[in-house]
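The structure under discussion appears below in the form of structure tokens.
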Amino acid sequence: MRDKKELLRQIMISLAKKDAKQADKLIQVFMDYIPEIEAQEVTEVAQKLEEEGIFSNAKQHINIERKIFLVIKEKIPQKDLTSFTKGHPIHTFLEENKIIKELVIRANTLVENKESFMDLKSDWILIAKQFKSLDIHYLRKENQLFPFLEKKGFNHPSSIMWSLHDEIRRQAKAFYKAVSQNSKTIAFELLPLLAKEADEMIIKEERVLYPTSARLLTNDDWKEIRKGEDEIGWIIENPPVSWQAKGEMGSYLNSSPERLASILNIVTDFFNGSTIDELGERFKIELKGSITAGEFALAEQKLDEVGVSDDVFEKKVTELLKLFKKSLEKAEIKGLDEGHPLDTFIKENIAIKKLLKELRAKEHEIDTENINHDYWLDAYSRIWQINTHYVRKENQLFPYLETKGFDKPSTVMWAMHDDVRSLIKFYRNLLNDKNYTELFDTQEMLFNSIEDMIFKEEKILWATSLELISNEEWAEIRKGEDEVGYCLIDTPSMWNPNWKHPSTSKNEDLKAITDIKAVPFSKSKKKKSLVGGINLEVGSITPEQINLIFKYMPFDVTYVDENDEVRYYNKGEDRVFPRSAGIIGRQVKYCHPPKSVHIVEKIVDAFKKGEKNEANFWINFQDKFVYIQYFAVRDDDGNYKGVLEITYDAKTVRSLTGEQRLLDWE
């Protein structure tokens, strides 16, 4: 009997009939002659027998599962479950399994030390509590996951696996009781059994249950499952209420795996020391001297897999592009509507090139004995507008590329933006100090850096973005652009004006503070809100009042939740740092320049660990003295609930002297 499904069926039937001898014989045949069996095949056999009524009671379920475990562990291949992002129920289960695995290791360590029950009694008490808490993990499976599997005709977990949950619960309670009553002998007997059952459950989940669930359930099913999880809880920190499916960048691009492999090999060899001349010949032979923007971007995205870090890539990308420059230069983008975000970026680049041409001409005519200082001050004010061009990329475009699996712009290109910004500041300081010799001898370095970025945008980023991002997503990007502003051009027309961003669709009459004209208050105009107040810790106010309070606060407020996702920012006038709706739901690590991400992560990590509750910074930014404060947000029990960022221009406050006790509106 070599048919694996039939052989597995006969094993289960023998176990159901309590014919252990025959079952052991068949299991040995299976282990000797069957190389592997898929999780789907196992579930099909088990479900068919379930429908035939072969499994009669819980005790029988447990015995069968224990016997079949060796088959599951040795013959079912491990599936890749890493594509499920934070917040997805499978991701949450997997994160909890990491905790359970650590628990099993600690349990085995305690059992190995025969003196640990007396010497490390607090560890035994803690681990007993933690094993009891596994009930939450199993409850979510039983009450959230299993019902959806039942609707798909797969009710085997609701009987067999639930029985195993109950056995683990029974052992956990008995173990907790033994530890509480100082029953050392019983505790030492129960802990290895409990650890073994918990460890084997992880393997059954990750080899069979989760892959089967991923195959059977839809995204809508998973969203419904997630909605009900909050009421039950977790053994880890609360996951986010929603998640963004992790895109595979290659699935959006039109390129063959063979071409991509050749490109990646050539790029890898470049970073391993091969010369441009050597690789140029290979490029002509293997790829006929042709590469698309999307193919280059996809190879760039995969460099981490071959050991090329972002820092190394950033330093050598300009040299690498020489290899592909002739092919990439052919890339053109035509036919974009006015107001489309890429059309706006392209028009800004035209304006930037025009400015650089003007400045080079002026520099060529310079009389070092008679420098027009005011002209160059104005010139560098115009150059600084390039920062707005970059900020709009960082806050509007990059978040959408991240969802497609293309996050290199959020790291490598952002770092390049920072390099250009630093150069602008450097040369502006030389100008302020009237160090004209160094300024005009070397500022071509700045102009070249700006042009290099334009090339990367127009020959790689724009074309790749068009392939990856849908029209609906471009409309979302356009909606948030006005708040950031534009570089050297007028505000473009509102492309797709009928579309409304979710964050503002319910506030159609929302106006900027400066557009609101004060109206004298009178009792006749007093209206009672139709929306009930929200009971706060002190007082009760309506959602409208909450929105107005934050809107009129004289400082910038940003809230990042406990899952490191941006959840709110206030839309006050004259924000110190620009914000747009595109950052809502975004990971905070992508909302800061790469060079400062480690500082943000350090602050958040210290807040989460309870080591710190506040962090303060102050910087000179443009003509402002900016004070930035980060506060840990905690509930009444001290649990971390996120971080609040407060930012404002403290220039006026810093300059105050003496006192002002009387009203002075003159």
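The figures follow:
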read-out	value
Number of the exception - THR388 against (1) under 17 Å from MET453 (Cβ atoms); (2) within 33 Å of the chain's Cα centre (by Cα); (3) surrounded by 18 or more Cβ atoms within 10 Å (Cβ to Cβ)	(3)
Residue match in region 405-421 (condition: under 27 Å from ILE366 (Cα atoms) and not charged (D, E, K, R))	yes
Set LYS173, LYS141, LYS121: member being open to solvent by 70 Å² or more (accessible area, probe 1.4 Å) and of a type outside the set (Asp, Glu)	LYS173
Selected residue (only one of GLU197, GLU189 is within 28 Å of GLU150 (Cβ to Cβ) and in contact with a helix residue (DSSP H, G or I) (Cβ under 9 Å, 6 or more places away or on another chain))	GLU197
Helices (runs of 4 or more DSSP H) (entirely within region 385-488) containing at least 2 residues that are closer than 30 Å to ASN370 by Cβ and either touching a residue at least 24 places away in the same chain (Cβ under 8 Å) or among the acidic types (Asp, Glu) (or both)	414-432, 436-442, 444-456
Residue check for ILE469: at pLDDT 60 or above, of a type outside the set (Asp, Glu), under 30 Å from SER290 (Cβ atoms) and open to solvent by less than 100 Å² (accessible area, probe 1.4 Å)	yes
Residue within region 1-13 that is in contact with a Ser or Thr (Cβ under 6 Å, 6 or more places away or on another chain) and open to solvent by 20 Å² or more (accessible area, probe 1.4 Å) present	no
Residues that are closer than 21 Å to LYS479 by Cβ, open to solvent by 10 Å² or more (accessible area, probe 1.4 Å) and β-branched (Val, Ile, Thr), drawn from region 300-352	ILE346
Extreme residue, farthest from ALA16 (Cα to Cα), among residues of region 70-80 that are touching a residue at least 40 places away in the same chain (Cβ under 8 Å) and surrounded by fewer than 15 Cβ atoms within 10 Å (Cβ to Cβ)	GLN78
Condition check for PRO554: loosely packed, with under 13 Cβ neighbours inside 10 Å, modelled with pLDDT of 65 or more and on the phi < 0 side of the Ramachandran plot	yes
Test: residue in region 144-166 that is of a type in the set (Ser, Thr, Tyr), at pLDDT 90 or above and assigned to a helix (DSSP H, G or I)	no
Candidates LYS624, LYS641, LYS609, filtered to the one that is in contact with a strand residue (DSSP E or B) (Cβ under 9 Å, 6 or more places away or on another chain), free of Cβ contacts under 8 Å to residues at least 24 places away in the same chain and not small (Gly, Ala, Ser)	LYS609
Residue in region 362-381 that is open to solvent by less than 10 Å² (accessible area, probe 1.4 Å) and among the polar types (S, T, N, Q) present	no
When residues of region 174-224 are limited to those that are within 19 Å of HIS156 (Cβ to Cβ) and among the acidic types (Asp, Glu), the one modelled with the lowest pLDDT	ASP221
In region 65-117, the residues that are among the aromatic types (Phe, Trp, Tyr) and touching an Asp or Glu at 6+ places or on another chain (Cβ under 8 Å)	PHE69, PHE93
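To keep it simple, each residue is scored yes or no on (1) within 26 Å of GLY585 (Cβ to Cβ); (2) surrounded by fewer than 16 Cβ atoms within 10 Å (Cβ to Cβ).
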residue: VAL604; (1), (2): yes, no
residue: PHE607; (1), (2): yes, no
residue: PHE625; (1), (2): no, no
residue: ALA632; (1), (2): yes, no
residue: ASP635; (1), (2): yes, yes
residue: GLU645; (1), (2): yes, no
residue: THR652; (1), (2): no, yes
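The values are calculated or read from the model by the stated rules, or taken from the named source; none is laboratory data. Just so it is clear, the structure is predicted and the values come from calculations on it, not from any experiment. All Cβ positions, even for glycine, are placed from backbone atoms using ideal geometry, and neighbour counts span all protein chains on display. Quick note on the areas: whole protein, heavy atoms, side chains included, nothing else; ligands and nucleic acids left out. Shrake-Rupley method; radii C 1.70, N 1.55, O 1.52, S 1.80 Å.
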